[in-house]
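Notes to accompany the following structure.
The values are calculated or read from the model by the stated rules, or taken from the named source; none is laboratory data. Keep in mind the model is a prediction, meaning the values are calculated, not measured. FYI the Cβ positions are ideal-geometry reconstructions off the backbone, even for glycines, and counts take in every protein chain you see. These accessible areas exclude ligands, DNA and RNA; they are computed on the full protein's heavy atoms, side chains included. Shrake-Rupley method; radii C 1.70, N 1.55, O 1.52, S 1.80 Å.
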Amino acid sequence: DGGITQSPKYLFRKEGQNVTLSCEQNLNHDAMYWYRQDPGQGLRLIYYSQIVNDFQKGDIAEGYSVSREKKESFPLTVTSAQKNPTAFYLCASRQGQGLLNQPQHFGDGTRLSIL
Amino acid sequence: KQEVTQIPAALSVPEGENLVLNCSFTDSAIYNLQWFRQDPGKGLTSLLLIQSSQREQTSGRLNASLDKSSGRSTLYIAASQPGDSATYLCAVAHNNNDMRFGAGTRLTVKP
């Protein structure tokens, strides 16, 4: 079945450590997105990529980094510079280079906590 | 900057009741509006997408309306069921790759 796979489901980070969240899609979508969800708040965009080897900062990119070396993969690294990383992280994709008349498809998320 | 608000934050209804969830946005220059469902600990599932030129979309027991001029959308759920219990989020696409999400309405349908 086509879809978006995020791993791991739960992740714990020690202080000063970088951690990487995986996002893989087999929908052949061009555009991919990373969001952060905090309790009582809407999703906030961290980074997005419309095409391989290209990505753009969203509203809250500080302390995060991404890469897009393959169409199907868009990993997110939470660096030690992100001082409040505890949140639910959601990856999404969309057909076309961000065509807005197509709905976004979401993975099941990764919950990141600080040890 | 686009702001999206959903009221109420939580809603509890008995099974079988028809209900309306509200979404408002501050900038009417949107491309489309999308309603999502989120189950606890899960990602978002797209329910309905309304283009800016449309007034409403329907899927089964769900009907979403859009009034751009007043900055409002409603999601109508007919004959609610316990399986409808989830958080419902709306999101507006303001320009390319800029989607703004509301905080969601947590719906509980009691048997």
Among A:47-53, A:60-66, how do they line up from the highest to the lowest mean number of other beta-carbon atoms within 10 Å? A:47-53, A:60-66
Value of Rg to Rh for the stretch A:15-97 (Rh from inverse mean 1/r over Cα pairs, i.e. Kirkwood): 0.96
Percent of accessible area on the protein assembly as shown owned by carbon and sulfur, 1.4 Å probe? 46
Of all DSSP beta bridges with both partners in the protein assembly as shown, the antiparallel percent, nearest 5, is 90
Determine how many Å³ per residue the convex hull of the Cα atoms of the stretch A:3-62 encloses. 124
Peptide B:43-49, shielding by other chains (average Cβ, 10 Å cutoff): 6
Can you tell me the Rg and Dmax of the stretch B:1-52, counting just the alpha carbons, in angstroms? 13.2, 39
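For the stretch A:60-99, which trypsin sites (Lys or Arg not before Pro) pass both filters: DSSP loop (anything but H, G, I, E, B) and at most 12 other C-beta atoms within 10 Å?
Sites meeting the loop and neighbour criteria: A:LYS83.
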Per residue, what accessible area does chain B have, given a 1.4 Å probe and all protein chains present, in Å²? 46
Using a 1.4 Å probe, what is the accessible area per residue for chain A, in Å²? 48
Solvent-accessible area buried by A and B, counting both chains, probe 1.4 angstrom, square angstrom: 1800
